[in-house]
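Each remark here refers to the structure printed beneath this line.
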Amino acid sequence: MLDFVSINDFKDRYQDKKIFSALCAIFFSDTIYNFSERTLKDRFIFWPDGLSAKLVDPNLKKIPGRHMLTELISLCKHDNKKITFAGSEINFEDVIFQDLNYNFIELPFDNAENLATEILNNNIGDILVLCVSSPKQESIAEIISKKKQVPIYCFGAAIYMLTGNEVIAPKFIELLGLEGLWRIFTTDTFRRLGHLARMPNGFKIYRRFLE
């Protein structure tokens with residue numbers, strides 16, 4: 001069984017030295033193909049994000065990544081923990097960064113191994129937040145986790161949504177649980193349709209985890 005975290009127990013687990021990633025469509029279309037069952041069970045913690053999480057367990061309460069990131073920032077402010085953000089340019093003038101202890105590593109376009117090396121060559125705070133697309137960010141996280149014990153969060157575009165650099169789905173779409181579908185038809189359509197095509201086999205692989 002995979003390890004899950006909810007918003008209710010996040011406060012007690014946010015400093016776990018593992019890889020935090022979203023259980024969403026991309027998990028079944030990419031992540032599950034790129035990592036062994038043992039790695040996914042031992043090194044990852046997943047938060048339910050998207051309708052696909054309900055297919056794993058109907059009782060899982062879905063929470064968008066940007067809400068998890070907001071909660072993480074709030075906890076780090078309260079506990080005076082330093083976050084290292086790694087990705088492309090971020091608007092650090094946004095109010096969410098006020099009173100937050102953080103640093104930033106700007107990443108070029110490169111493969112996962114080189115990007116992991118770039119991050120490891122810099123000062124990493126108490127928590128590392130990757131702002132890179134999936135599944136590359138999970139690959140970066142796995143490489144880093146083998147060399148440094150630190151909580152690593154794979155938040156992708158969540159920070160850009162919070163700071164207004166990327167459009168957020170309308171509230172009624174989020175409430176219906178259709179944000180993933182909305183993003184398919186509004187951003188990077190062909191890549192996201194490719195994700196959908198790979199999902200059925202991804203579910204079959206996941207079912208074997210339970211055998």
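The values are calculated or read from the model by the stated rules, or taken from the named source; none is laboratory data. Here the structure is a predicted model, which is why all the values come from computation and not from measurement. In this analysis, Cβ positions are derived from the backbone assuming ideal geometry, glycine residues included, and neighbour counts consider all displayed protein chains.
When restricted to residues that are aliphatic (A, V, I, L, M) and surrounded by fewer than 24 Cβ atoms within 10 Å (Cβ to Cβ), the range 26-37 contains 1. Within the set 163, 117, the sole residue that is at pLDDT 65 or above, over 25 Å from residue 64 (Cβ atoms) and of a type in the set (Val, Ile, Thr) turns out to be 117. Scanning the range 38-82 for residues that are exposed (fewer than 14 other Cβ atoms within 10 Å of the Cβ) and either touching a Ser or Thr at 6+ places or on another chain (Cβ under 7 Å) or acidic (Asp, Glu) (or both) returns 42, 57, 61, 79. Among the residues making up the range 8-34, those that are more than 14 Å from the chain's Cα centre (by Cα), under 18 Å from residue 53 (Cβ atoms) and part of a loop (DSSP other than H, G, I, E, B) are 8, 9.
So is residue 155 closer than 20 Å to residue 13 by Cβ, modelled with pLDDT under 95 and either surrounded by 16 or more Cβ atoms within 10 Å (Cβ to Cβ) or polar (S, T, N, Q) (or both) or not? Yes, satisfied. When 89, 113 are checked against the criterion of being loosely packed, with under 13 Cβ neighbours inside 10 Å, charged (D, E, K, R) and under 20 Å from residue 144 (Cα atoms), 113 stands alone in meeting it.
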